[in-house]
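Shown next, in structure tokens, is the structure this report addresses.
The values are calculated or read from the model by the stated rules, or taken from the named source; none is laboratory data. This structure is a prediction, so every number in the text was calculated from the model and none was measured. When we count neighbours, we look across all protein chains shown, and the Cβ atoms used for this are built from the backbone with ideal geometry, even at glycine.
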Amino acid sequence: MFNLWQIVRQALELLASSDPELWGIVATSLRVSGAAALLAAVLAVPLALLVSRREYRAKRAVIGLLNSLMAVPAVVIGLLVYLLFSRSGPLGIWRLLYSPGAMVTAQAALALPLMTGLCVAALQGVPPLAAETMLTLGAGRLQVLWGTVREARFALTAAFIAGFARVLGETGMTMMVGGNIRGETRVMTTAIALETMKGNFELGIALGIVLLLVAVAVNVALQAVQGRAGQ
């Protein structure tokens, strides 16, 4: 048996002690998930512009495909990335498996359909009159696209935050391609799973508290940005 309140107290003491292992895990988690969300955003915005700003026969099918890809289990994406980067895989020569690079790739692939779908919805919400006005004022094609992105900037920012939140809490896929290596690829979710199995509840709860606080902060930021987008 264990004393829950004593474990929680020890976890809080661990947080207050500035434990280097704990905060190193937190830093790795934020760095990997932030890089993955940024990579996904760099790809999602141009894809969303291609999908949303033109009319073509397959447009509805493309949007339907994006919506379907959002439901792909994270573990399937992890398996595909694992096979790509494994020693016998087509990208095995890069030796990225069990590295932060593989984790960023897998998390970006997970976030990309979600962020692209949200970006498509954001860009479709820009009134056509805005583009027509820019063209009337002599704007070129690239300027019109940039102006459209600026009009939807709050909704696009909300898409980025949603993508970041999606990958920050992922466990199985991240462990599969990262290996949960201490000091290198161990992030909050994988560390919580490992420490709980080992019976080291203090570190697990401490990391859980930090993850919960980050999730709350992300949700508050998302609500604030969505509020600005709706104005």
Self-check item: Pairs with Cβ under 8 Å, 6+ apart, first in region 27-45 and within 12 Å of GLU184 (Cβ to Cβ), second of a type in the set (D, E, K, R) and surrounded by fewer than 18 Cβ atoms within 10 Å (Cβ to Cβ)
Solution: THR28/GLU184
Exercise. Having 2 or more residues that are surrounded by 15 or more Cβ atoms within 10 Å (Cβ to Cβ) and acidic (Asp, Glu) is the bar; report the helices (runs of 4 or more DSSP H) wholly within region 1-118 that clear it.
Key: none
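Let's see how each residue does on (1) out of contact with any His (no Cβ under 7 Å at 6 or more places or on another chain); (2) within 21 Å of LEU14 (Cα to Cα); (3) free of Cβ contacts under 8 Å to residues at least 40 places away in the same chain; (4) buried (at least 20 other Cβ atoms within 10 Å of the Cβ):
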residue	(1), (2), (3), (4)
ALA155	yes, no, no, yes
VAL167	yes, no, no, yes
THR171	yes, no, yes, no
LEU207	yes, yes, no, yes
LEU212	yes, yes, yes, no
VAL218	yes, no, no, no
Exercise. Name every residue in region 157-200 that is under 17 Å from the mean Cα position of the chain (by Cα) and either over 21 Å from ARG31 (Cα atoms) or assigned to a loop (DSSP other than H, G, I, E, B) (or both), in order of residue number.
Key: GLY169, GLU170, THR171, THR185, ARG186, VAL187
Practice problem: Inspect region 158-165 for any residue being buried (at least 17 other Cβ atoms within 10 Å of the Cβ), free of Cβ contacts under 8 Å to residues at least 40 places away in the same chain and under 19 Å from VAL75 (Cβ atoms) and give the result as yes or no. | Solution: no
Self-check item: Pair list, Cβ under 6 Å, 6 or more apart: region 67-93 residue closer than 23 Å to THR116 by Cβ, other residue hydroxyl-bearing (Ser, Thr, Tyr) and surrounded by 16 or more Cβ atoms within 10 Å (Cβ to Cβ)
Solution: VAL81/THR105
Exercise. Working only within region 201-225, note down all residues that are modelled with pLDDT of 90 or more and either of a type in the set (Val, Ile, Thr) or not in a helix (DSSP H, G or I) (or both).
Key: ILE205, ILE209, VAL210, VAL214, VAL216, VAL218, VAL220
Quiz item: Listed residues GLU21, GLU13, GLU55; which is farther than 22 Å from ALA193 by Cα and among the acidic types (Asp, Glu)?
Solution: GLU55
